[in-house]
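One structure is given here, and the rest of the page talks about it.
We did not get these values from a lab; they are worked out from the coordinates using the rules stated. Keep in mind that this is a model prediction, so the values were computed, not measured. Note that we place each Cβ from the backbone using ideal geometry, even for glycine, and neighbour counts take in every protein chain shown.
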Amino acid sequence: MPKTCPKLERCPFFVKYGSELPETCRALVELYCRGDHQHHCKRLTFLEEHGYRPPDDLMPNGDHLLD
Ligand code: SF4
């Protein structure tokens, strides 16, 4: 059973959009935020590479919700 991402409760993407995500994006939450892919989350990669937080709408797969 995969662990939930430790950042989940404070993650701006999840906090801001989590309750209103379309079905396809909710699948990403299950896959990344609550599943095996969380170590490949593009929000985490962005933070490591840039040293600052990604835009709130950057989804864990690297797409932007608001595009
Ligand atoms: S989007 Fe990434 S950082 Fe945010 S809760 Fe999901 S896996 Fe964690």
| query | Modelled label-to-label distance, GLU20 and THR4, 7 Å Cα→beta-carbon offset: nm? | reply | 2.2
| message | Counting C-alpha atoms alone, how compact is the stretch 1-62: give Rg to one decimal and Dmax as a whole number, in angstrom. | response | 10.8, 31
| remark: Between the residues PRO55, LEU31, CYS11, the Cα farthest towards the positive end of the dipole of the stretch 1-62, that dipole coming from +1 and -1 charges on the beta-carbon of Lys, Arg, Asp and Glu, is from CYS11
| Based on Cβ point charges of +1 for Lys and Arg and -1 for Asp and Glu, what charge dipole magnitude is obtained for the chain about its Cα centre, in debye rounded to the nearest 20? | 280
